[in-house]
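Input: a single structure, listed below in structure tokens.
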Amino acid sequence: MKKQNAGVGPVVIKKYANRRLYNTETSSYITLEHLAAMTREGRDFKVVDAKTDEDITHTILTQIIMEEESRGETMLPVNFLRQLIAMYGDSMQAMVPGYLEASMESFRRNQEQFKSAVEGALAQGPFAGTPLAEMAKRNMAMLDAATKAFKPEGGAAGHAGTGMGSGAAPASKDAEIADLKAELASLKAKVDKLG
């Protein structure tokens, strides 16, 4: 399936009598899995019956949910489904879609805020400036140094530790490894003090 631009507008999907779905934007037949992926990517689409031109997007989205639920990783609890079914025909039925939509939007906003808060806490929160944060910075520096120590210079393919490859002097690599070992020992001592 082609990568689609999210700002172009809804893609029209035609559903034929033989149950096949046709993406008019990519001129190709697709499956419910393709539509599920488009939904996850935030791509808007409209499914119409090819013969009557009736909008059947709701029915297709419901089919996608049924497919996802039947794969074993259920998201909709049985009690919720029972309550939802009980609301059909109830005098409050007309209010349920708006309430569910607002609840889901609120959940998404809270999820984004939580994610931002966690990222901010790690970058600026109580760990910033502490020995733990410093240790994390040093660990990243050590990882970077270790990656450079074993990466052939100039892009030549070599074998780390064998002296073959880029032509760099083995003594400099040995010195880098010794420095890393010393740094690791220093960090271990600091962690032991913290413990």
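The values are calculated or read from the model by the stated rules, or taken from the named source; none is laboratory data. Only a predicted model underlies this, so the values are computations on that prediction, with no experimental measurement involved. Virtual Cβ from ideal backbone geometry, glycine too; neighbours counted across all protein chains shown. Just so you know, the surface numbers come from the protein's heavy atoms only, side chains and all, with ligands and any DNA or RNA stripped out. Shrake-Rupley method; radii C 1.70, N 1.55, O 1.52, S 1.80 Å.
Identify all residues within region 58-116 that are in contact with a helix residue (DSSP H, G or I) (Cβ under 8 Å, 6 or more places away or on another chain) and more than 23 Å from Val47 (Cβ to Cβ); write none if there are none.
The answer is Met87, Gln93.
One line per residue, one yes/no per condition, for (1) open to solvent by 90 Å² or more (accessible area, probe 1.4 Å); (2) at pLDDT 90 or above:
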{"residue": "Thr26", "(1), (2)": "no, yes"}
{"residue": "Gly72", "(1), (2)": "no, no"}
{"residue": "Met75", "(1), (2)": "yes, no"}
{"residue": "Tyr88", "(1), (2)": "yes, yes"}
{"residue": "Gly98", "(1), (2)": "no, yes"}
